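Novice: Below are the structure tokens for one structure; questions will follow.
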Amino acid sequence: TQYFKNSGIENPFTISIITSVINVVSTLPGLWAVDKFGRRPLLLWGAVGMCVGHLVVAVIGTTTTGQDSMGNILVYNVAAQKASIAFIAIFIFFFASTWGPLCWVVTGEIFPLKTRAKSLSLTTASNVSSRMEFLLFAFHISNLMNSGFSTSSSHSSPRTWLTTARTTPTCSPR
């Protein structure tokens, strides 16, 4: 939400409405385009669109903002920050119309009917657990950053790192 605050949008509810409407509305053309254009082209174009969105946001964020000695964010160009908001919306559009729904379509089609139910339950469990691991990993990293990367921190124990960095097994049909 810092990008939104830098562009002058202070209300978190407005930010939530903007991103949610783009996400929901963009999913509908994605569901139509799956059968019209195919899975692979949609995934490739989605990846290109998300990459461009991320790249532009990163360049704008790096070149038009800075920090003072107290750590406060300084905005040098508000118009560029508003352009950054547009590219955040473009990223959300490309994700919601391609990768968001297609990952579920592809996993629903790759397994044979005999094992599809069990395979999809493992796929869903893997997806949810990897998201939870990411959140835990991000939480521990932020705690380490706030504690100055102290090795005495309880968040840097080997057990924590092994738990958050492990990979989840994938299901492959035979």
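The values are calculated or read from the model by the stated rules, or taken from the named source; none is laboratory data. Please read all numbers here as calculations on a predicted model, not as lab measurements. So basically every Cβ, Gly included, is an ideal-geometry build from the backbone, and we count neighbours across all protein chains shown. When the accessible area is computed, the model is the full protein with side chains, heavy atoms only, and any ligands, DNA or RNA have been set aside. Shrake-Rupley method; radii C 1.70, N 1.55, O 1.52, S 1.80 Å.
Novice: Pairs only if they're at least six apart or on different chains, beta carbon under 6 angstrom, first in the stretch 35-50 and farther than 10 Å from Leu102 by Cβ, second part of a helix (DSSP H, G or I); list them, first residue then second.
Specialist: Gly49/Phe94; Met50/Phe91; Met50/Phe94; Met50/Phe95
Novice: Here's another thing I want to ask about it. Could you run through the stretch 53-77 and say how many residues are in a helix (DSSP H, G or I) and either open to solvent by less than 70 Å² (accessible area, probe 1.4 Å) or polar (S, T, N, Q) (or both)?
Specialist: 9
Novice: Let me ask another. On the basis of being out of contact with any strand residue (DSSP E or B) (no Cβ under 9 Å at 6 or more places or on another chain), among the β-branched types (Val, Ile, Thr) and part of a loop (DSSP other than H, G, I, E, B), does Ile9 make the cut?
Specialist: Working: out of contact with any strand residue (DSSP E or B) (no Cβ under 9 Å at 6 or more places or on another chain): yes; among the β-branched types (Val, Ile, Thr): yes; part of a loop (DSSP other than H, G, I, E, B): yes.
It is true that Ile9 is out of contact with any strand residue (DSSP E or B) (no Cβ under 9 Å at 6 or more places or on another chain), among the β-branched types (Val, Ile, Thr) and part of a loop (DSSP other than H, G, I, E, B).
Novice: Sticking with this one: In the list Ala89, Ala80, which residue meets the criterion of being over 25 Å from Thr123 (Cα atoms), surrounded by 12 or more Cβ atoms within 10 Å (Cβ to Cβ) and without any contact (Cβ under 8 Å) to a residue 40 or more places away in the chain?
Specialist: Selected residue: Ala80, the only one of Ala89, Ala80 that is over 25 Å from Thr123 (Cα atoms), surrounded by 12 or more Cβ atoms within 10 Å (Cβ to Cβ) and without any contact (Cβ under 8 Å) to a residue 40 or more places away in the chain.
Novice: Next question, about the same structure. Out of (1) surrounded by 12 or more Cβ atoms within 10 Å (Cβ to Cβ); (2) free of Cβ contacts under 8 Å to residues at least 60 places away in the same chain, what's the single condition that is false for Ile17?
Specialist: The one condition Ile17 does not meet is (1).
Novice: Could you list, ordered by first residue, the pairs with Cβ atoms under 6 Å in which the first is in the stretch 95-117 and loosely packed, with under 14 Cβ neighbours inside 10 Å and the second is not charged (D, E, K, R), at least 6 apart or interchain?
Specialist: From the stretch 95-117, the pairs are Pro112/Pro173; Thr115/Pro173.
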